[in-house]
Amino acid sequence: DTLVSIAFNDSLLRVTQADSLKPQSQKQIKVAAPDSTKFRIMIFGDSMLEKMSRSLCDYAMENGYDLSSVMWYSSSTKLWAETDTLQYFLDRIQPDYILLCLGSNELFVRDLNKREKYIATIVSKISHRPFVWISPPNWKPDTGLNDLIITQVGAGRYFDSRHLELDRISDRVHPTAEAAAIWVDTIASWISSPQARNPLPMNRPTEERRRKYHQYVLQPVN
């Protein structure tokens, strides 16, 4: 069975599903809806979101936004493209602005022609919504995935994380909490700038006010 964990404002609900991440299964999960009066930001992607979302929610609170984070451990562009998961959360959250950080599990793939199709499918699912694809924070040179993403989404919708020097946890892959906070500061500064195709005000938090956000955590699918 697929285990889906949903954290909402620090509470955690675990649900076992026999069906693998289909809308009819997910609709059985009851979680309070986001406040519809606020500007809604949704960020989705792989495990790189774990510490990033904690810092990003500080920005959301400072700027009066409602943040929903959908983190799918070990996920890839293939999974987000070929399942109903992304559409389910788009329908549920109804975001006004989308951030995604995806590709860290595919940095060294060789089948770039297939990845191109997956990326194009994800972009088509996002549809008309403004978005920024945050590139993986490479720990070594990739085989072309990042260059492929930028050709698909354009420079104004792509934040390049490859140039950042980030401290990593013991796996030497994921940034530490402190490094993730620096990463988010850099992302927020870029999103606020004219470099972004759809700039979004992201004033830096004046104090730490974490955890008031909606987090959906999806476990790996075999």
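Readers should treat all values here as calculations from the given coordinates under stated rules, not as data from a laboratory. As the structure is a prediction and not an experimental result, all values here were calculated from the model. Here the Cβ is made from the backbone with ideal geometry for all residues, glycine too, and neighbour counts use every protein chain on show.
Annotation for L164 and K114: the two label points, set 7 Å from Cα along the Cα-Cβ direction, are 2.9 nm apart. Going by the alpha-carbon gyration tensor, a ≥ b ≥ c the square roots of its eigenvalues, is the stretch 86-222 rounded (a/c under 1.5) or, if a/c is not under 1.5, prolate (a/b greater than b/c) versus oblate? Since a/c stays below 1.5, the shape of the stretch 86-222 is classed as rounded.
Applying 0.36 nm per residue to the separation of E178 and Y73 and subtracting their alpha-carbon distance, the gain on full extension is 35.7 nm.
Return the loop-located trypsin sites (Lys or Arg not before Pro) in the stretch 47-123 (DSSP other than H, G, I, E, B) with at most 11 other Cβ atoms within 10 Å of their own Cβ; answer none if there are none. Sparse-neighbourhood loop trypsin sites (Lys or Arg not before Pro): R110.
Across the cross-link table entries K38/K117; K114/K140; K38/K114, which are compared at the Cα atoms, the separations over 27 Å belong to K38/K117; K38/K114.
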